[in-house]
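Asks: Okay, handing you the structure first.
The values are calculated or read from the model by the stated rules, or taken from the named source; none is laboratory data. Fair warning: this is a prediction, and the values are worked out from it, not measured in the lab. Note that we place each Cβ from the backbone using ideal geometry, even for glycine, and neighbour counts take in every protein chain shown. What goes into the accessible areas is simple: the full protein's heavy atoms, side chains included, and nothing from ligands, DNA or RNA. Shrake-Rupley method; radii C 1.70, N 1.55, O 1.52, S 1.80 Å.
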Amino acid sequence: MGFSATIARMSLPEAGRRAAASPEISVLLPVRDGAAHLGGALASTLASVGPSFEVVCVDDGSRDGTAALLADWTRRDPRVRVLSRPARGIAAALNDALGAARGRLVARMDADDEMHPERLAAQAALLDRRPEVALASCLVESFRADGLREGFRLYTDWLNTCISPDEIEREAFVDCPLPHPTWMLRRATLECVGGWRDLDWAEDLDLFYRLLAAGARAAKVPRSLHRWRDHDSRLTRVDPRYGRVALARAKAHWLPKLRPMSAAVFLGTGRTARRYSRLLAAEGVATSALVAPEEPTWARAWQGIPLVGPGALAARAREWRLAGSLLLGAAALRGARERIRGILCDLALVEGRDFLMLA
């Protein structure tokens with residue numbers, strides 16, 4: 001049964017409509033000009049079963065009908081609490097919501113998504129059952145009004161392969177393996193790392209890396225419990241802080257902090273590898289070599305960095321590793337990550353220890 005049908009079939013008993021004085025879970029929902037889909041997001045969240053919860057909405061300077069819609073929901077259901085203020089951005093809105101939250105656990109929700117009724121309960125159970133997990137997520141079902149595009153469908157498929165802590169950490173520098181609106185954390189964890197920051201790259205990726213730096217681990221409930229809406233006005237499509245260049249800056253900034261290295265060796269010689277080589281140099285990490293898929297014939301160096309072929313990789317991989325260099329697979333073409341992984345695994349190198357993938 002689809003999410004919408006599940007929600008429509010559920011009745012909300014009066015006890016479920018009453019606001020708890022100390023809810024177990026606070027759902028943080030920032031919104032700006034989100035009237036088109038906000039009703040569906042709130043209806044699906046309020047249909048949640050299990051632990052007591054509240055929904056802390058922050059109206060971040062909306063100019064459409066969002067304020068009136070939120071006011072109506074607060075009259076209908078006291079579990080909805082609203083903070084209104086001038087537009088300051090999503091990081092500030094989330095920190096304001098966190099400051100007002102009363103729950104032991106903090107969950108995220110976006111104003112244009114839909115939540116399965118069992119999502120909050122399942123994620124809370126994961127956190128309670130596994131104290132070593134600090135960040136709980138779930139699988140997602142992506143959708144788009146005019147049909148999901150191929151690239152986003154493949155991206156969703158990739159997200160849904162990252163479930164265990166090891167799988168999530170293995171893919172941490174490809175992209176953030178946990179969609180932000182699916183997160184749930186213990187409030188104490190969020191407060192320990194300082195909440196969200198407003199930087200020139202994505203606030204969720206930055207927080208994810210700070211959590212990893214603090215020793216936190218993440219895992220997913222292996223069920224599709226969140227419908228993630230794609231549309232052309234999403235922040236990730238219109239705000240340059242979520243663009244490829246900004247995300248690469250964030251990854252290059254955090255990579256040496258999470259994986260100290262003496263130097264980098266890139267598998268790839270194209271735009272992606274060169275971009276990361278420049279960005280890591282700005283972080284104090286030099287590149288020892290760029291490894292081409294075939295023996296290079298047109299040049300032997302790029303900006304003083306040797307260009308070598310697969311023969312050099314086979315001969316020197318152990319030497320580079322013992323010297324403290326980290327091998328980094330960096331190629332944007334579809335299927336390239338899988339080919340690079342195969343080459344390195346054939347050399348008895350271990351992903352996460354000897355090499356990482358970048359995108």
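Asks: Taking the criterion of being open to solvent by less than 20 Å² (accessible area, probe 1.4 Å) and in contact with an Asp or Glu (Cβ under 9 Å, 6 or more places away or on another chain), would at least one residue in the range 298-310 satisfy it?
Replies: For the range 298-310, residues open to solvent by less than 20 Å² (accessible area, probe 1.4 Å) and in contact with an Asp or Glu (Cβ under 9 Å, 6 or more places away or on another chain): present.
Asks: Here is a follow-up. Please find, among Arg234, Arg244, the residue that is open to solvent by 70 Å² or more (accessible area, probe 1.4 Å) and of a type outside the set (S, T, N, Q).
Replies: Numbers: Arg234 fails: open to solvent by 70 Å² or more (accessible area, probe 1.4 Å).
The conditions single out Arg244.
Asks: Report every pair of residues separated by at least 6 positions or lying on different chains whose Cβ atoms are under 7 Å apart, first residue within the range 336-350 and free of Cβ contacts under 8 Å to residues at least 40 places away in the same chain and of a type outside the set (S, T, N, Q), second open to solvent by 50 Å² or more (accessible area, probe 1.4 Å) and in a helix (DSSP H, G or I).
Replies: As it stands, the answer is Leu347/Ala314, since those pairs meet every condition given.
Asks: A further question on this structure: State whether one or more residues within the range 160-177 are within 28 Å of Leu38 (Cα to Cα), part of a helix (DSSP H, G or I) and in contact (Cβ under 8 Å) with a residue 12 or more places away in the chain.
Replies: Within the range 160-177, the first condition is being within 28 Å of Leu38 (Cα to Cα), and the residues that meet it are 160, 175-177.
Add one more test, that the residue is part of a helix (DSSP H, G or I), and what stays is none.
Within the range 160-177, not a single residue is within 28 Å of Leu38 (Cα to Cα), part of a helix (DSSP H, G or I) and in contact (Cβ under 8 Å) with a residue 12 or more places away in the chain.
Asks: Only one of Ser52, Ser4 is of a type outside the set (Lys, Arg), within 30 Å of Asp128 (Cα to Cα), out of contact with any Gly (no Cβ under 6 Å at 6 or more places or on another chain) and at pLDDT 95 or above. Can you tell me which?
Replies: Values: Ser4 fails: at pLDDT 95 or above.
Exactly one residue qualifies, and that residue is Ser52.
Asks: Let me ask something else about it. Wholly within the range 223-341, which helices (runs of 4 or more DSSP H) include no fewer than the required count, namely at least 1 residues that are touching a strand residue (DSSP E or B) at 6+ places or on another chain (Cβ under 9 Å)?
Replies: Numbers: elements: 235-238, 244-258, 271-282, 310-322.
Where helices (runs of 4 or more DSSP H) fall fully within the range 223-341 and carry at least 1 residues being touching a strand residue (DSSP E or B) at 6+ places or on another chain (Cβ under 9 Å), they are 244-258, 271-282, 310-322.
Asks: May I ask you to verify whether Arg108 is closer than 30 Å to Cys192 by Cβ and either buried (at least 16 other Cβ atoms within 10 Å of the Cβ) or touching a residue at least 12 places away in the same chain (Cβ under 8 Å) (or both)?
Replies: On the way: closer than 30 Å to Cys192 by Cβ: yes; either buried (at least 16 other Cβ atoms within 10 Å of the Cβ) or touching a residue at least 12 places away in the same chain (Cβ under 8 Å) (or both): yes.
The answer is yes for Arg108.
Asks: Hey, another quick one. Among the residues of the range 75-96, which ones are touching a Lys or Arg at 6+ places or on another chain (Cβ under 9 Å) and either aliphatic (A, V, I, L, M) or free of Cβ contacts under 8 Å to residues at least 12 places away in the same chain (or both)?
Replies: Of everything in the range 75-96, those that are touching a Lys or Arg at 6+ places or on another chain (Cβ under 9 Å) and either aliphatic (A, V, I, L, M) or free of Cβ contacts under 8 Å to residues at least 12 places away in the same chain (or both) turn out to be Arg76, Ala87, Ile90, Ala91, Ala92, Ala93, Leu94.
Asks: Quick one: is Phe208 within 12 Å of the chain's Cα centre (by Cα) and assigned to a helix (DSSP H, G or I)?
Replies: Working: within 12 Å of the chain's Cα centre (by Cα): yes; assigned to a helix (DSSP H, G or I): yes.
Taking the combined requirement at face value, the residue satisfies it.
Asks: Next question. So, in the range 261-274, of the ones that are aliphatic (A, V, I, L, M) and open to solvent by less than 20 Å² (accessible area, probe 1.4 Å), which residue ends up farthest from Leu290 (Cα to Cα)?
Replies: Among those residues, the one meeting the criterion is Ala263.
Asks: Follow-up. Conditions first: (1) open to solvent by 20 Å² or more (accessible area, probe 1.4 Å); (2) within 25 Å of the chain's Cα centre (by Cα); (3) among the polar types (S, T, N, Q). Ser277 passes all but one, so which condition is the exception?
Replies: Of the numbered conditions (1) open to solvent by 20 Å² or more (accessible area, probe 1.4 Å); (2) within 25 Å of the chain's Cα centre (by Cα); (3) among the polar types (S, T, N, Q), the odd one out for Ser277 is (1).
Asks: Moving on to the next point. Tell me whether the range 186-197 contains one or more residues that are in contact (Cβ under 8 Å) with a residue 60 or more places away in the chain, part of a helix (DSSP H, G or I) and within 12 Å of the chain's Cα centre (by Cα).
Replies: Checked the range 186-197: no residue is in contact (Cβ under 8 Å) with a residue 60 or more places away in the chain, part of a helix (DSSP H, G or I) and within 12 Å of the chain's Cα centre (by Cα).
Asks: Here is a further query. Within the range 248-260, is there a residue that is more than 18 Å from Thr287 (Cβ to Cβ), open to solvent by less than 30 Å² (accessible area, probe 1.4 Å) and in contact (Cβ under 8 Å) with a residue 24 or more places away in the chain?
Replies: yes
Asks: Now for a different question. Within the range 134-167, can you find the residues that are within 16 Å of Met184 (Cα to Cα) and surrounded by fewer than 19 Cβ atoms within 10 Å (Cβ to Cβ)?
Replies: The answer is Ile163, Ser164, Pro165.
Asks: Can you tell me which residue in the range 209-231 is nearest to Gly151 (Cα to Cα), limited to those that are in contact (Cβ under 8 Å) with a residue 60 or more places away in the chain and open to solvent by less than 10 Å² (accessible area, probe 1.4 Å)?
Replies: Going through the qualifying residues, I end up with Asp230.
Asks: Continuing with the same structure: Mind counting the residues in the range 337-355 that are closer than 14 Å to Gly268 by Cβ and open to solvent by less than 10 Å² (accessible area, probe 1.4 Å)?
Replies: Total meeting the criteria: 2.
Asks: Regarding Arg229, is this residue of a type in the set (D, E, K, R), at pLDDT 95 or above and over 30 Å from Ala314 (Cα atoms)? Full working, then the answer.
Replies: Working: of a type in the set (D, E, K, R): yes; at pLDDT 95 or above: yes; over 30 Å from Ala314 (Cα atoms): yes.
Yes, satisfied.
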